[in-house]
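Working notes for the structure below.
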Amino acid sequence: MAQLDRFLNLLKTNNASALILAEGDVATVMIKDSARPVMKQPLTSAQILTLVREIAPVDQPHSLDAKGSVSFEYSCADGTFEVGLSQNGKIIARIQPKAGSVNGAKRNGAQSQTTAPQAPATKPVSATPAVQVPSPAPQAAAAAPRVETSRPEIVTVQESRVAPTDNRAFEKIESLLRLLVSKGASDLHLRAGSPPMLRGSGEISAIPNEPVLSSEEIDAMLSTVMLEINRQEFREINDTDFAHEIEGIARFRGNALRERRGTGAVFRAIPAAVVTVEQMGISQEVQRLCHLTKGLVLVTGPTGSGKSTTLCALIDLINRTRSDHVITIEDPIEFVHESKKCLITQRHVGVHTSSFKHALRAALREDPDIVLVGELRDLETVSMAIETAETGHLVFGTVHTSTAVSTVDRVIDQFPPDRQAQIRVMLSESLKGVISQVLCKKIGGGRVAAREIMLSTPSVSNLIREGKTFQLPSVLQTSRRLGMVTMNDALIELVDANKVEPQEAYLKATDKVGIINMLKHRGKDVSFADVEDAKGAGNANEAPTKPAGRTAPAR
């Protein structure tokens, strides 16, 4: 398959009249006399010549004299095309369907049925760049620019986000998303056979006066905000992740799915404005992690605990205070960072790259200083993240664990037993901090984060290296002056500040017995506690203690 075949398929599916490859400019397709870009990077003369040589007849000259020109026909699965290559100051190739070919017949005879759908008057803002064709990297003239990937990345131009005659569906989904933001809710749930629902302060409730949705209505709404690559994935495997943006309002992380009653979807609201560390109340000790030149920093917690928001605040701090290259690898891109002092490169897994591990491997050749990995979800990605941190880069990542200690165990346990000793050593040297958080319901409405913080010290590194992670909680308890905080301490601080009810702190705690004892010592009612937890707390209270002001006798 020739490299240009993918572009020609794009030409056909968009019912375009021509593909233009011009030296020093991005590749474009002509749709209704309007040029639409289909690449991100401008082409070099060598790249254009390489692409054209690959499809040229064997008897065709492979070079151009000054102001020379070459023309020929090329046939592929998408029809027959007329190729013209000229040089008049710069090299330009124009490729258009031949009249009478399959594509040409469609253009001339059935345009009303095949014209690419047009966006409504209020066009949706693409959650990813309008260009989805991977741009060829500059190479020598003898090497063809690669546009291949393990999953299809070429999609139609930006208008492909909106399906034909679905303006009402598009207006409906956008009105629901605007309502999601105006209500201060976190998620919008769409299910066949149910009215739209919002999650606010952790609880789901139906939107008043909204009718029950059918599967067909949800399908129509989703098709207006998904890219073609997501529509195809949804058809093939019945779920897909994507992003959508309403300019000036918010970005939304979406998931479409099939279930017992039909089509469903969930949209998570991501504020349009980047959140700062000051707004989130992130401690100075955690902020100092952003000034490291190398190491691994993990933000952990269950789904919906605000990990992405915390990482956003940390990257924003770096963007404001350092002059470095930051690469983020996300699925999908959530918060959008405009380059301030730093150069920011954001890649969407499945659109701009095939996988986390592929993008992380490629990042090492892209001159990064800081790399953010949206999710450390498999052994190879974890291994590469640790190696990247060891080779002089600062790496941020997320893990779905509930405590800092369990995070260390989870990372090590992903590796086979014969490699775990080596990984302990590597992790003890590269791990600089773990921020584990949960979101608690706030008194009076809203939610607030409780964060357990573990920072790298000689004692923490030694315990990780020696496989004694069960002793890490005691290090956290005795290192508050260094900025370390246990989850129970973080929760009890919120209770003391009257931000969180005691019962909410108990429900979010992993050490239930410990939090009950802390609440009892503050005179709080703990009648809500589980019987076994209360019994355990009672037994702990009955343990002999040293009399105040005396030392225990020697044994």
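So if I check each of 264, 301, 295, which one is touching a strand residue (DSSP E or B) at 6+ places or on another chain (Cβ under 7 Å), modelled with pLDDT of 95 or more and buried (at least 21 other Cβ atoms within 10 Å of the Cβ)? Let's see the steps before the verdict.
Details: 301 fails: modelled with pLDDT of 95 or more; 295 fails: buried (at least 21 other Cβ atoms within 10 Å of the Cβ).
Among 264, 301, 295, only 264 is touching a strand residue (DSSP E or B) at 6+ places or on another chain (Cβ under 7 Å), modelled with pLDDT of 95 or more and buried (at least 21 other Cβ atoms within 10 Å of the Cβ).
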TODO: Examine the range 162-179 for a residue that is modelled with pLDDT under 90, surrounded by fewer than 19 Cβ atoms within 10 Å (Cβ to Cβ) and under 21 Å from the mean Cα position of the chain (by Cα), and state whether such a residue exists.
DONE: no
- [ ] Hey, can you tell me all the residues within the range 503-531 that are part of a helix (DSSP H, G or I) and more than 25 Å from residue 401 (Cβ to Cβ)?
- [x] 520, 521, 531
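Residue check: is residue 372 closer than 22 Å to residue 319 by Cα, touching a helix residue (DSSP H, G or I) at 6+ places or on another chain (Cβ under 7 Å), assigned by TED's automatic domain parsing to the domain that holds residue 302 and in contact (Cβ under 8 Å) with a residue 24 or more places away in the chain? Quick ask: steps written out before the conclusion?
Working: closer than 22 Å to residue 319 by Cα: yes; touching a helix residue (DSSP H, G or I) at 6+ places or on another chain (Cβ under 7 Å): yes; assigned by TED's automatic domain parsing to the domain that holds residue 302: yes; in contact (Cβ under 8 Å) with a residue 24 or more places away in the chain: yes.
Judged against the criteria, residue 372 is a match.
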Open item on the list: Would you confirm whether or not the range 56-69 contains a residue that is at pLDDT 85 or above, in the same structural domain as residue 22 (by TED's automatic domain parsing), in contact with a Ser or Thr (Cβ under 7 Å, 6 or more places away or on another chain) and surrounded by fewer than 19 Cβ atoms within 10 Å (Cβ to Cβ)?
Closed with: no
Task: Hits in the range 220-236 (condition: crowded, with 21+ Cβ neighbours inside 10 Å and touching a residue at least 40 places away in the same chain (Cβ under 8 Å)) - done: 221, 222, 223, 224, 225, 226, 227, 229
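Residues are listed down the side, and each one gets a yes or a no for (1) at pLDDT 80 or above; (2) polar (S, T, N, Q); (3) farther than 19 Å from residue 79 by Cα:
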| residue | (1), (2), (3) |
| --- | --- |
| 9 | no, yes, no |
| 16 | yes, no, no |
| 19 | yes, no, no |
| 23 | yes, no, yes |
| 40 | no, no, yes |
| 48 | yes, no, yes |
- [ ] Provide a single number: the residues in the range 346-393 that are in contact with a strand residue (DSSP E or B) (Cβ under 7 Å, 6 or more places away or on another chain) and of a type in the set (Lys, Arg).
- [x] 1
Task: So residue 433, is it surrounded by fewer than 16 Cβ atoms within 10 Å (Cβ to Cβ) and either modelled with pLDDT of 95 or more or farther than 16 Å from residue 470 by Cα (or both) - done: no
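Scan the range 439-467 for residues that are buried (at least 20 other Cβ atoms within 10 Å of the Cβ) and closer than 25 Å to residue 394 by Cβ and report the count. Don't jump to the end; show me each part of the working.
Within the range 439-467, the subset buried (at least 20 other Cβ atoms within 10 Å of the Cβ) is 439-440, 449-456, 460, 463-464.
Filter once more, keeping what is closer than 25 Å to residue 394 by Cβ: 449, 451-456, 460, 463-464.
Total satisfying the criteria: 10.
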Open item on the list: Here is a check on your reading of the model: is residue 187 under 23 Å from residue 16 (Cβ atoms) and either crowded, with 17+ Cβ neighbours inside 10 Å or at pLDDT 90 or above (or both)?
Closed with: no
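Is there a residue being under 20 Å from residue 430 (Cβ atoms) and hydrophobic (A, V, I, L, M, F, W, C) anywhere in the range 346-357? It would help to see each step written out before you state the result.
Of the range 346-357, the ones under 20 Å from residue 430 (Cβ atoms) are 356-357.
Still in the list and also hydrophobic (A, V, I, L, M, F, W, C): 356.
There is at least one residue in the range 346-357 that is under 20 Å from residue 430 (Cβ atoms) and hydrophobic (A, V, I, L, M, F, W, C).
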TODO: Please give the number of the condition residue 453 fails out of (1) under 17 Å from residue 407 (Cα atoms); (2) not in a strand (DSSP E or B).
DONE: (2)
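Return the only residue of 287, 346, 279 being of a type in the set (S, T, N, Q), more than 29 Å from residue 230 (Cα to Cα) and surrounded by 15 or more Cβ atoms within 10 Å (Cβ to Cβ). If you could, list the steps in order and put the result at the bottom.
Values: 346 fails: more than 29 Å from residue 230 (Cα to Cα); 279 fails: surrounded by 15 or more Cβ atoms within 10 Å (Cβ to Cβ).
Residue meeting the stated conditions: 287.
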Task: Candidate set: the range 314-340, residues that are modelled with pLDDT under 95 and more than 23 Å from residue 357 (Cβ to Cβ); chosen: the one surrounded by the fewest Cβ atoms within 10 Å (Cβ to Cβ) - done: 338
Open item on the list: Suppose we keep only residues that are part of a helix (DSSP H, G or I) and touching a helix residue (DSSP H, G or I) at 6+ places or on another chain (Cβ under 7 Å) within the range 286-308. Which one would you say is nearest to residue 385 (Cα to Cα)?
Closed with: 290
TODO: Could you identify the single residue in 351, 371 that is of a type outside the set (Gly, Ala, Ser) and at pLDDT below 90?
DONE: 351
Open item on the list: Checking the conditions here, which among 406, 383 is within 30 Å of residue 504 (Cα to Cα), part of a helix (DSSP H, G or I) and among the polar types (S, T, N, Q)?
Closed with: 406
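Filter the range 358-380 down to the residues that are in a helix (DSSP H, G or I), buried (at least 22 other Cβ atoms within 10 Å of the Cβ) and within 15 Å of the chain's Cα centre (by Cα) and list them by number.
Filtering the range 358-380 down to residues in a helix (DSSP H, G or I) leaves 358-363, 379-380.
Among the residues that remain, those that are also buried (at least 22 other Cβ atoms within 10 Å of the Cβ) are: 359-360, 363.
359, 360, listed by residue number.
The values are calculated or read from the model by the stated rules, or taken from the named source; none is laboratory data. Just so it is clear, the model here is predicted, and its values are computed rather than measured. No Cβ is skipped: glycine too gets one built from the backbone with ideal geometry, and neighbour counts run over all protein chains shown.
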